[in-house]
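S.K.: Attaching a single structure in C-alpha coordinates format; questions to follow.
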Amino acid sequence: MDKIEEGLFKAYTAELCRHQVGIHKARQTRMDTDIQRYFNSTPARNAFARLMCLATYDNALYTKAVISKELHITRQAAHVMVEECLDAGWIEYGGECCLGKGYRATEPLVFAMENYAHRHMEMVEETKIHEAIEAL
(Lines give C-alpha, C1' and ligand atoms only; values in the text may rest on other atoms or scores of the structure.)
Protein backbone atom coordinates (compact mmCIF):
# COMPACT_ATOMS: atom_id res chain seq x y z
CA MET A 1 0.00 0.00 0.00
CA ASP A 2 1.47 3.37 -0.92
CA LYS A 3 1.26 6.36 1.44
CA ILE A 4 -1.76 7.92 -0.30
CA GLU A 5 -3.70 4.67 -0.29
CA GLU A 6 -2.71 4.08 3.34
CA GLY A 7 -3.95 7.55 4.29
CA LEU A 8 -7.23 6.99 2.45
CA PHE A 9 -7.65 3.62 4.15
CA LYS A 10 -7.10 5.18 7.57
CA ALA A 11 -9.66 7.87 6.72
CA TYR A 12 -12.11 5.16 5.68
CA THR A 13 -11.46 3.22 8.89
CA ALA A 14 -12.13 6.35 10.96
CA GLU A 15 -15.43 6.93 9.12
CA LEU A 16 -16.33 3.27 9.58
CA CYS A 17 -15.79 3.64 13.32
CA ARG A 18 -17.96 6.78 13.39
CA HIS A 19 -20.65 4.98 11.42
CA GLN A 20 -20.66 1.91 13.66
CA VAL A 21 -20.74 4.00 16.83
CA GLY A 22 -23.74 5.77 15.28
CA ILE A 23 -25.46 2.42 14.68
CA HIS A 24 -24.79 1.41 18.27
CA LYS A 25 -26.19 4.68 19.58
CA ALA A 26 -29.28 4.32 17.40
CA ARG A 27 -29.91 0.83 18.74
CA GLN A 28 -29.56 2.05 22.31
CA THR A 29 -31.77 5.10 21.93
CA ARG A 30 -34.43 3.90 19.49
CA MET A 31 -36.61 2.20 22.08
CA ASP A 32 -39.91 3.99 21.48
CA THR A 33 -41.98 0.97 20.41
CA ASP A 34 -42.29 -2.67 21.43
CA ILE A 35 -40.76 -3.75 18.12
CA GLN A 36 -37.75 -1.45 18.60
CA ARG A 37 -37.26 -2.54 22.20
CA TYR A 38 -37.38 -6.22 21.25
CA PHE A 39 -35.13 -6.21 18.19
CA ASN A 40 -32.63 -3.66 19.55
CA SER A 41 -32.21 -5.56 22.83
CA THR A 42 -29.61 -8.12 21.62
CA PRO A 43 -27.41 -8.62 18.56
CA ALA A 44 -29.10 -11.98 17.84
CA ARG A 45 -32.57 -10.44 17.86
CA ASN A 46 -31.32 -7.62 15.66
CA ALA A 47 -29.93 -10.08 13.11
CA PHE A 48 -33.09 -12.19 13.38
CA ALA A 49 -35.19 -9.18 12.31
CA ARG A 50 -33.02 -8.77 9.24
CA LEU A 51 -33.18 -12.47 8.38
CA MET A 52 -36.97 -12.48 8.63
CA CYS A 53 -37.17 -9.38 6.43
CA LEU A 54 -34.90 -11.06 3.88
CA ALA A 55 -37.28 -14.01 3.84
CA THR A 56 -40.15 -11.66 3.03
CA TYR A 57 -38.21 -9.67 0.42
CA ASP A 58 -36.86 -12.85 -1.22
CA ASN A 59 -40.21 -14.67 -1.00
CA ALA A 60 -38.46 -17.37 1.00
CA LEU A 61 -39.00 -19.08 4.32
CA TYR A 62 -36.56 -19.92 7.10
CA THR A 63 -36.94 -22.83 9.49
CA LYS A 64 -35.79 -22.71 13.10
CA ALA A 65 -32.86 -24.95 12.14
CA VAL A 66 -31.80 -22.59 9.35
CA ILE A 67 -32.26 -19.56 11.62
CA SER A 68 -30.01 -21.10 14.27
CA LYS A 69 -27.37 -21.98 11.68
CA GLU A 70 -27.44 -18.58 9.95
CA LEU A 71 -27.27 -16.59 13.20
CA HIS A 72 -24.86 -18.95 15.01
CA ILE A 73 -27.29 -19.41 17.88
CA THR A 74 -28.75 -22.50 19.50
CA ARG A 75 -31.90 -24.04 18.08
CA GLN A 76 -33.55 -23.32 21.43
CA ALA A 77 -32.70 -19.60 21.10
CA ALA A 78 -34.14 -19.61 17.57
CA HIS A 79 -37.26 -21.37 18.86
CA VAL A 80 -37.77 -18.76 21.61
CA MET A 81 -37.40 -15.83 19.19
CA VAL A 82 -39.76 -17.43 16.66
CA GLU A 83 -42.41 -18.10 19.30
CA GLU A 84 -42.13 -14.61 20.82
CA CYS A 85 -42.31 -12.94 17.42
CA LEU A 86 -45.23 -15.10 16.28
CA ASP A 87 -47.12 -14.09 19.42
CA ALA A 88 -46.33 -10.42 18.79
CA GLY A 89 -47.37 -10.64 15.11
CA TRP A 90 -43.96 -9.61 13.80
CA ILE A 91 -43.38 -12.84 11.88
CA GLU A 92 -45.69 -15.43 10.40
CA TYR A 93 -45.71 -19.10 9.60
CA GLY A 94 -45.42 -19.30 5.85
CA GLY A 95 -45.76 -23.04 5.28
CA GLU A 96 -43.61 -26.13 5.14
CA CYS A 97 -40.17 -25.86 3.60
CA CYS A 98 -36.74 -27.41 3.88
CA LEU A 99 -37.97 -30.24 6.12
CA GLY A 100 -39.76 -27.98 8.57
CA LYS A 101 -41.99 -25.04 9.26
CA GLY A 102 -40.86 -21.83 7.59
CA TYR A 103 -41.20 -18.25 8.82
CA ARG A 104 -40.95 -14.72 7.43
CA ALA A 105 -41.55 -11.12 8.52
CA THR A 106 -44.98 -9.56 8.57
CA GLU A 107 -45.77 -6.01 7.48
CA PRO A 108 -45.07 -4.39 10.89
CA LEU A 109 -41.52 -5.79 10.97
CA VAL A 110 -40.87 -4.89 7.32
CA PHE A 111 -42.19 -1.37 7.98
CA ALA A 112 -39.92 -1.01 11.03
CA MET A 113 -36.92 -2.26 9.01
CA GLU A 114 -37.64 0.19 6.21
CA ASN A 115 -37.82 3.02 8.75
CA TYR A 116 -34.41 1.90 10.02
CA ALA A 117 -33.11 1.80 6.43
CA HIS A 118 -34.10 5.46 6.00
CA ARG A 119 -32.29 6.37 9.22
CA HIS A 120 -29.27 4.34 8.13
CA MET A 121 -29.07 6.26 4.87
CA GLU A 122 -29.02 9.49 6.88
CA MET A 123 -26.21 8.11 9.07
CA VAL A 124 -24.19 7.18 5.99
CA GLU A 125 -24.50 10.77 4.80
CA GLU A 126 -23.63 12.17 8.23
CA THR A 127 -20.44 10.14 8.58
CA LYS A 128 -19.34 10.52 4.94
CA ILE A 129 -18.41 6.83 4.83
CA HIS A 130 -19.56 6.66 1.20
CA GLU A 131 -17.06 9.38 0.26
CA ALA A 132 -14.27 7.46 2.00
CA ILE A 133 -15.15 4.31 0.05
CA GLU A 134 -15.20 6.23 -3.23
CA ALA A 135 -11.82 7.77 -2.47
CA LEU A 136 -10.32 4.32 -2.05
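S.K.: Using all C-alpha to C-alpha distances in the range 55-111, build P(r) with 5 Å bins and read off the rounded percent in each one.
M.R.: Reading the bins upward from 0: 4, 22, 29, 29, 13, 2.
S.K.: Could you order 97, 85 so the one with the most accessible surface comes first? Probe is 1.4 Å.
M.R.: Largest accessible area first, the residues go 97, 85.
S.K.: Something else now. Starting from the Kirkwood radius over alpha-carbon pairs of the chain, derive D by Stokes-Einstein at 4 °C in a medium of 1.567 mPa s and give it in µm² s⁻¹.
M.R.: Taking Rh from Cα pairs, D becomes 79 µm²/s.
S.K.: If you don't mind, there's one more thing I want to ask. Determine the shape class of the range 34-75: with a ≥ b ≥ c the square roots of the Cα gyration tensor eigenvalues, call it rounded for a/c under 1.5, and otherwise prolate if a/b is greater than b/c, oblate otherwise.
M.R.: oblate
S.K.: A follow-up question, please. Using θ = phi - 60° and the Karplus relation 6.51 cos²θ - 1.76 cosθ + 1.60, list the HN-Hα couplings for the range 29-41 in order, rounded to whole Hz, with x at every Gly or Pro.
M.R.: Karplus-based 3J(HN,Hα) across the range 29-41 equals 9, 8, 10, 7, 10, 4, 5, 5, 4, 5, 7, 8, 6 Hz.
S.K.: Only four residue types carry charge here, +1 at the Cβ of Lys and Arg and -1 at the Cβ of Asp and Glu. Report the dipole size of the chain about the Cα centre in Debye, rounded to the nearest 20.
M.R.: Dipole of the chain, to the nearest 20 debye: 480 debye.
S.K.: Also: Obtain the radius of gyration and the Kirkwood radius of the range 1-75 from its C-alpha atoms and give Rg over Rh.
M.R.: My calculation of the ratio gives 1.15.
S.K.: Among the listed pairs 25/128; 3/25; 10/128, give every one whose C-alpha distance is greater than 21 Å.
M.R.: 3/25
The values are calculated or read from the model by the stated rules, or taken from the named source; none is laboratory data. Because the structure is a prediction, the values reported are computed rather than measured. Using ideal geometry, Cβ is built from the backbone for each residue, glycine included, and neighbour counts are taken over all protein chains shown. Surface accessibility is based on the protein's heavy atoms, side chains included, excluding ligands, DNA and RNA. Shrake-Rupley method; radii C 1.70, N 1.55, O 1.52, S 1.80 Å.
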